[in-house]
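Down below is the structure, laid out as structure tokens.
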Amino acid sequence: MVANEVPTPAWQDVVLPLAERLSAAQAMDVHADDPWSEAGRKVLAYHFARVLARVPGVVAGEDPEEVHAMRVAARRMRAAWRVFGDAYDRQTTRAYLDELRSLGGRLGVVRDLDVRVAILVTYGDRRSKRDRTGLKPLLAAWQADRTARHAELVEVLTTGWFADMASGLATFAETPGAAARPVVLRTPNIVRDRAPAVIWDNYQAVSAFAGGLDRADVATLHELRIAAKWLRYTLEFVREPMGSGANELIRRVVVLQDYLGDIHDLHAAAVSADAYATGAVALTGPTTSAIGRFVGYQEARVERLRRRVEPSWEGVADAGYRRRLGRAVARL
């Protein structure tokens with residue numbers, strides 16, 4: 001290397017060509033008669049292409065939605081390993097899950113801070129100038145934390161670790177049969193046979209929250225949110241062979257998931273703001289009061305939303321949804 005020459009970042013050397021190569025797929029193209037391992041490979045390749053496509057935008061740091069989109073795609077990859085992982089050797093599944101969990105954690109921290117900043121800014125826009133002034137230290141603290149966490153994320157994405165992980169995953173996704181476990185005789189092995197049990201297991205996890213949701217605490221609602229997320233992703237993975245009826249099934253789960261997501265985000269913003277006010281030193285009286293009003297406002301919003309969860313849950317848990325789900329599964 002010539003003296004003072006700047007090395008080409010890893011994401012330009014490796015990640016961008018991989019993103020271009022994998023991006024050709026416009027759909028997961030899963031079929032009912034696909035082997036379970038190869039259906040999983042299609043799903044992983046599809047969402048991995050979308051992870052890689054967001055790397056330049058995340059590195060540039062100009063649009064928070066780039067982080068959001070990469071986080072969503074990485075989550076879907078983790079869900080795919082959860083659904084299809086038993087089709088591959090355990091070491092492969094564990095290794096990629098661990099790497100995606102690490103990446104997802106860093107993406108999640110940045111995204112959560114983006115959401116909290118947006119909630120605070122939106123709240124401030126509707127308040128008095130005095131309140132906005134009082135909230136400036138909290139806003140500055142969250143923005144500084146976001147800047148630091150984003151820098152850590154960029155460092156990860158532009159190092160050899162991510163390039164190596166991307167190369168390995170791309171090879172796995174593009175190689176039929178790679179790391180697939182041998183199929184035991186008379187063991188269900190195609191999408192038509194495996195997907196129904198997985199779908200109904202995930203549906204059961206959502207429907208198990210019946211009763212008392214109007215009184216459920218935030219922690220319980222977060223558990224429901226996670227269950228709804230797994231159901232949604234599983235349905236998305238086999239949307240194509242289930243036919244057009246899958247679209248309404250997914251839409252209803254998205255309504256529930258988004259509702260629960262709002263509760264989670266508002267609660268997290270209130271808890272984080274309260275922790276800042278409690279732990280920060282030398283805050284002025286106006287700032288302490290302004291943060292207190294912000295916390296109280298978000299907690300009140302959470303309570304209002306919490307009491308109205310059950311109708312959106314019933315849209316997924318009622319007999320009509322089960323009939324729709326049964327018909328869609330029968331199409332496999």
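The values are calculated or read from the model by the stated rules, or taken from the named source; none is laboratory data. Keep in mind that this is a model prediction, so the values were computed, not measured. We place every Cβ from the backbone using ideal geometry, glycine too, and count neighbours over all the protein chains shown.
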ALA178, sole failed condition from (1) outside any helix (DSSP H, G or I); (2) closer than 30 Å to TYR321 by Cα; (3) among the small types (Gly, Ala, Ser): (2)
Every pair of residues 6+ apart whose Cβ atoms lie under 6 Å, when the first sits in region 153-172 and is over 14 Å from GLN12 (Cα atoms) while the second is at pLDDT 90 or above and aromatic (Phe, Trp, Tyr): LEU169/PHE48
Selected residue (only one of THR220, THR187 is over 18 Å from VAL72 (Cα atoms), assigned to a loop (DSSP other than H, G, I, E, B) and without any contact (Cβ under 8 Å) to a residue 40 or more places away in the chain): THR187
Subset tally (residues that are more than 16 Å from ALA53 (Cα to Cα) and among the hydrophobic types (A, V, I, L, M, F, W, C)) for region 157-172: 2
Residue check, GLU152 within 19 Å of the chain's Cα centre (by Cα), acidic (Asp, Glu) and part of a helix (DSSP H, G or I): no
All positions within region 223-243 that are β-branched (Val, Ile, Thr) and over 10 Å from LEU332 (Cα atoms): ILE226, THR234
Members of region 175-206 that are under 27 Å from the mean Cα position of the chain (by Cα) and on the phi > 0 side of the Ramachandran plot: ALA179
Elements of type helices (runs of 4 or more DSSP H) in region 226-307, at least 2 residues being in contact with a Leu (Cβ under 8 Å, 6 or more places away or on another chain), under 19 Å from LEU135 (Cα atoms) and outside the structural domain of ARG130 (by TED's automatic domain parsing): 245-279, 285-306
Residue, modelled with the lowest pLDDT, within region 116-160, restricted to residues that are surrounded by 12 or more Cβ atoms within 10 Å (Cβ to Cβ) and of a type in the set (S, T, N, Q): THR159
Failed criterion for ALA210 (all others in (1) touching a residue at least 12 places away in the same chain (Cβ under 8 Å); (2) under 26 Å from MET77 (Cβ atoms) hold): (2)
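Would you mind finding the one in VAL238, VAL198, VAL183 that is of a type in the set (A, V, I, L, M, F, W, C), over 26 Å from ASP63 (Cα atoms) and out of contact with any helix residue (DSSP H, G or I) (no Cβ under 8 Å at 6 or more places or on another chain)?
Being of a type in the set (A, V, I, L, M, F, W, C), over 26 Å from ASP63 (Cα atoms) and out of contact with any helix residue (DSSP H, G or I) (no Cβ under 8 Å at 6 or more places or on another chain) holds for just one of VAL238, VAL198, VAL183, which is VAL183.
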Residue in region 284-293 that is more than 19 Å from ASP258 (Cα to Cα), surrounded by fewer than 14 Cβ atoms within 10 Å (Cβ to Cβ) and touching a Lys or Arg at 6+ places or on another chain (Cβ under 7 Å) present: yes
Residue list for region 59-72, restricted to those being more than 12 Å from ARG111 (Cβ to Cβ) and aliphatic (A, V, I, L, M): VAL59, ALA60
Output for region 28-56, where each listed residue is modelled with pLDDT of 95 or more and among the small types (Gly, Ala, Ser): ALA32, SER37, ALA39, GLY40
Filter result for ALA268 (surrounded by 21 or more Cβ atoms within 10 Å (Cβ to Cβ) and touching a residue at least 12 places away in the same chain (Cβ under 8 Å)): no
Residue, farthest from ALA228 (Cα to Cα), within region 193-205, restricted to residues that are surrounded by fewer than 18 Cβ atoms within 10 Å (Cβ to Cβ) and charged (D, E, K, R): ASP193
Test: residue in region 306-320 that is more than 23 Å from VAL206 (Cβ to Cβ) and hydroxyl-bearing (Ser, Thr, Tyr): no
Test: residue in region 264-286 that is at pLDDT below 95 and in contact with a Phe, Trp or Tyr (Cβ under 6 Å, 6 or more places away or on another chain): no
